[in-house]
1. How about region 162-199: which of its residues are closer than 20 Å to GLU74 by Cβ, part of a strand (DSSP E or B), of a type outside the set (Val, Ile, Thr) and in contact with a helix residue (DSSP H, G or I) (Cβ under 9 Å, 6 or more places away or on another chain)?
2. Keeping to region 29-47, report how many residues are in contact (Cβ under 8 Å) with a residue 40 or more places away in the chain and open to solvent by 70 Å² or more (accessible area, probe 1.4 Å).
3. Considering only residues that are open to solvent by 30 Å² or more (accessible area, probe 1.4 Å) and at pLDDT 60 or above, which ones fall in region 110-124?
4. What are the pairs, 6+ residues apart or on separate chains, where a residue within region 68-90 that is over 17 Å from PHE5 (Cβ atoms) has its Cβ under 6 Å from a residue that is open to solvent by 70 Å² or more (accessible area, probe 1.4 Å)?
5. Kindly provide the set of residues from region 79-99 that are assigned to a helix (DSSP H, G or I) and either open to solvent by 20 Å² or more (accessible area, probe 1.4 Å) or of a type in the set (Val, Ile, Thr) (or both), ordered by number.
Amino acid sequence: NLDRFIESDVYYYCRPNPWTWLISPDYIDGFYPCPACDRGGKILSKWYMGEYMPNKYYRILDGCSPITNMSTAEDRAALRAKGYRLSDYANYNSVVMLALVKYADMDFSDCVGTGGCGDPDYEVVCNGDKILNDDGEYDIYNFMDIESIKIMGIVDFYGGVFKNCDAIFEHGGYVYVNDDLDNITEWPTMDTWQAMGYKKSTFTLPNGGGGYTSTIC
């Protein structure tokens, strides 16, 4: 019943082309701070990603599936009451960049584990390096035949069962993102997104948001 966090230091990155990430623990001219630590121009020295239990009904714990449904608003409110924020696009980006470097593969779920999908032919691939128990198969859910997989020390980071991501939505194939987590209290509408600080992507998703992503750039 304790909250557990993965602590990460700020790092700096550069993408000289769509297929390359350069990561540095120190600032280098032309590099950008990781998105999780760049909040409105204020550069944080660390960020934390937690496995939490905001209340007894909804939990992200090893080997446990949620026992009820909660809306994003309810989840956000429960976490705010504990001083936390629901993870957002910037947070996921920052973990993914580290994972791409660590696993040296753009399909790092194939390197460490997929979490399964109920089909024995496509379930767990567990070849993680097990450094500090940060990678690979962790436990069994016994829920839809899905395994629990650790990525960068975080259980089910890419949604082995469920995942919420705050402050991002898709409409008409365009993605809208807000990095001001402290001031988000409700989902925007198409009349309010600009006033609420959301930024619209300059590109559209494949098939208007209804298809698979084919390139990472």
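The values are calculated or read from the model by the stated rules, or taken from the named source; none is laboratory data. The model shown is predicted, which means the values in this text are computed figures rather than measured ones. Cβ: placed from backbone, ideal geometry, glycine included. Neighbour counts: every protein chain shown. Accessible surface is based on the protein model in full, side chains and every heavy atom, while ligands, DNA and RNA are left aside. Shrake-Rupley method; radii C 1.70, N 1.55, O 1.52, S 1.80 Å.
1. If the condition is that a residue be closer than 20 Å to GLU74 by Cβ, part of a strand (DSSP E or B), of a type outside the set (Val, Ile, Thr) and in contact with a helix residue (DSSP H, G or I) (Cβ under 9 Å, 6 or more places away or on another chain), then ASP166 is the only one that fits.
2. 1
3. Matches in region 110-124: ASP110, CYS111, THR114.
4. THR68/TYR57
5. Hits for region 79-99 are ARG80, TYR89, TYR92, ASN93, VAL95, VAL96, LEU98.
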